[in-house]
Amino acid sequence: MNAQLLLLAICQGLFLSTNVTLVAVNGLLGLHLAPSAFLATLPIAAYVAGGALATPLVARHQRAWGRQRTFQLGLLVGMGAAALAAWAAWIGSFWLLSTATLINGYFNANASLYRFAAAELVEPSYKEKAISWVLAAGIIGAVVGPNLASATREALVVPFVGPYLALMVLAAAGIVVMQFIRFPVMAAPLAADGSAARGRPLREIIRQPKFIVAIAACSMGYGVMNLLMSATPIAMSQCGHPFASAALVLEWHVLGMFVPSFFTGNLIKRFGTVRILSAGLVLNIACVAVALSGVDLMHFLVALFVLGLGWNFLYIGGTALATECYRPEERTTAQAGLDFCVYVVMTLTAFGSGALVVQGGWQAMNAATLVPLLLLGAAIVWLARIGSQRLTLDKG
């Protein structure tokens, strides 16, 4: 941990505080304002859909302006989008709220690259630990997000306006902190003729088995987590639990997501990425088993906590695996490609979670997640077998 990495970790904490606050309030406000209960989680889906749409734009901006300026621009957009969302809550406009969160996707797409930027602030041998330590700052989000949503939800005359105004303050703080971070210049290496190296096209990078599994781990891990997390406040409300209980469950969920980050990097170095991905898969299945066993407060709390642990192993493991698949001149292209896939899956799961939990119920939705988890398990086994075959060939 160096000073630059610490500052980036603070920015990550502010970003995750924003995400948790949005999850805590967007679904419930969406349920209140939506013309149909099936559209309740559209404001959450719009946030990640905006991220998917913004990933190519963010990649271009990062190549042109560098990490710091683009990250700060993302935070400025986040401030403006939060102000627009506050106005939407004030006048009770569901479609304006969805538009505001869609615009906020540009900030989301920027901030999701903090983990890759962390690997550039340290020596290559420490990249796994740098990714883990920056993501560990999500603990700030675990504590700040739910409590901020709970404290500001009724702070003004119109409910839910307060949380969005608070998000403007978080974005402003991020802009100040980002000003003091000095990222390495993103200059591409030179080719043999002295021109800037162009790198391989994305379609060639994506064909690598490691990159395919990295996409599957990050996308499926985030997708299942997002599906269940987005639906949790609505499901708990349907089961008669108060908003304070939903905030508590989200707090423990986010703690599960980020506390392991203090040692996930070390575990990857010691046991290898495939084993960590396998552990993440098992934890996700354990979450489903707990969720299917009941709907008491402790069932929700334990299931979401275990889900957070599983996400941590899958997301950090997948990110670390992806960094092995691209050259320096290909990083913005590869990172944007990976995050685009993650955001597409997140958009589908965030939008679908409202309809699924309202129509099918909490337990049926949990059972449905076993399908993508089994597909992810097949992908991990495939990568392990490829690695084993190559090791056999090398020994031969």
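The values are calculated or read from the model by the stated rules, or taken from the named source; none is laboratory data. All values derive from a computational prediction rather than experimental measurement. FYI the Cβ positions are ideal-geometry reconstructions off the backbone, even for glycines, and counts take in every protein chain you see. For the accessible areas, the whole protein counts, side chains as well, though only heavy atoms, and no ligand, DNA or RNA atoms are used. Shrake-Rupley method; radii C 1.70, N 1.55, O 1.52, S 1.80 Å.
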Degrees, to the nearest 10: 331-359 long Cα axis against longest axis of the chain: 30 degrees
Taking Cα atoms, the helix 94-103 axis meets the longest principal axis of the chain at an angle in degrees (rounded to 10) of 20 degrees
Per-peptide average of other Cβ atoms within 10 Å, ordering 345-355, 157-167 highest first: 345-355, 157-167
Accessible area of the chain belonging to carbon and sulfur atoms, whole % at 1.4 Å probe: 68 percent
Mind checking segment 200-287 for trypsin sites (Lys or Arg not before Pro) that DSSP puts in a loop (not H, G, I, E or B) and that have at most 15 other Cβ atoms within 10 Å? Arg207
Dipole of the chain [Lys/Arg +1, Asp/Glu -1 at C-beta], most positive-end residue of Ala34, Leu374, Leu96: Leu374
Segment 287-396: C-alpha pair distances exceeding 16 Å, %: 73 percent
Just tell me the longest site-free run in the chain, where the sites are GluC sites (Glu not before Pro) in a DSSP loop having at most 13 other beta-carbon atoms within 10 Å. 155-323
Whole-number D in µm² s⁻¹ for segment 97-142, Kirkwood Cα-pair radius fed into Stokes-Einstein, 20 °C, 1.002 mPa s: 180 µm²/s
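What is the dipole size for the chain, taken about its Cα centre, with +1 at each Lys and Arg Cβ and -1 at each Asp and Glu Cβ, in debye to the nearest 20?
It works out to roughly 940 debye.
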Using alpha carbons only, how many degrees (0 to 90, rounded to 10) separate the axis of helix 3-33 from the longest principal axis of the chain? 40 degrees
Pairwise Cα inverse-distance average, inverted: Kirkwood Rh of the chain (Å): 21.0 Å
Based on the Cα gyration tensor of segment 164-293, what are the three equivalent ellipsoid semi-axes, each the root of five times an eigenvalue, rounded to whole Å and given largest first? 37, 25, 15
Which percent of the Cα-Cα distances in segment 1-94 go past 18 Å? 56 percent
Please report Rg (one decimal) and Dmax (integer) in Å for the Cα set of segment 76-196. 18.7, 66
